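The numbers here are math on the coordinates, done by the rules we state, and not lab data. Nothing here was measured: the structure is a model prediction, and the numbers come from that model. Ideal geometry is used to build each Cβ from the backbone, glycine not excepted, and the neighbour counts take in all protein chains shown.
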C-alpha cells in the first residue's frame with residue numbers, strides 16, 4: 001500500500017481552502033466545507049499539520065460551510081490545537097453552524113477552543129494576543145548613568161551603579177522614580 005492510498009491528495013467529503021493573511025505574519029485562514037468524519041479526520045489533520053510545520057502558528061478555521069464534524073474530527077482539532085499552542089500560537093474557529101457547535105458542546109469541547117461569530121472577531125483575537133505579549137525579559141540602560149541593566153518583570157528597581165530608582169512598566173518603558 002502506498003502513502004498516496006493512506007492519505008489521499010484530496011477528499012470527496014471535505015474541501016479545505018487555504019488563504020494566507022498578508023498583514024498578519026504566521027496566520028492562515030482555513031476554510032472548511034463539507035464533513036470531518038472518521039474517514040477523513042487524518043487527512044484533515046495531516047493537511048493542517050503541514051501549515052504548522054511550515055511555521056504558521058495562527059490558524060483561523062472558517063467553518064461556515066462545515067456541515068458535520070464527528071468525534072474523530074474534534075480529536076483532530078484538539079491535536080492541532082495542542083501542537084499550535086506548544087509552538088506559541090493559537091487557533092480560532094469562526095462561524096460554526098449551530099449543529100456543529102452542538103457537537104463541540106456535547107463532547108465537552110465547546111469551551112476548549114476559541115470560537116467566535118465572525119472572521120473579524122477571529123482576527124481581533126489574534127490582534128489582542130499580539131498586544132498582550134510581554135516585553136520581558138528586557139535589557140535597558142539606566143537613564144542616569146547609562147549602565148546596562150536587565151529585568152524579568154515590571155516594577156521598581158535600584159540601579160546598582162548609581163543607586164537611581166527606576167520604574168519599568170508592563171511594556172518595558174523606563175522612567176525615573
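Of note:
- Computed helical MRE - 222 nm, the chain, DSSP H runs ≥ 4 contributing -39500 (n - 2.57), nearest 500: -9500 deg cm²/dmol
- Looking at the chain, the DSSP beta bridges with both ends there are about 55 percent antiparallel.
- Ranked list, fewest to most other Cβ atoms within 10 Å of each Cβ, for 86, 161: 86, 161
- Length gained on full extension, residue 49 to residue 86: 12.0 nm, using 0.36 nm per residue less the C-alpha separation.
- Residue among 113, 77, 136 with the largest mean-square fluctuation in a Gaussian network model of the chain, springs linking Cα atoms under 10 Å: 136
- Comparing 88, 73, 155 in a Gaussian network model of the chain (Cα springs below 10 Å), the most mobile by mean-square fluctuation is 155.
- When each of the peptides 144-152, 41-49 is scored by how many other beta carbons lie within 10 Å of its residues on average, the order from highest to lowest is 41-49, 144-152.
- Of 116, 163, 82, the one that fluctuates the most in a GNM where the chain has Cα springs shorter than 10 Å: 163
- Between the Cα long axis of helix 41-53 and the first principal axis of the chain there is an angle of about 30°, rounded to the nearest 10.
- Rounded Å value of the spacing that divides the Cα centres of the range 45-69 and the range 151-177: 42
- Classification of the range 84-134 by its C-alpha gyration tensor yields an oblate form. The axis ratio a/c (a ≥ b ≥ c) is 1.5 or more, and b/c is at least a/b.
- Using alpha-carbon coordinates, inclination of helix 119-132 to the longest axis of the chain, degrees: 30
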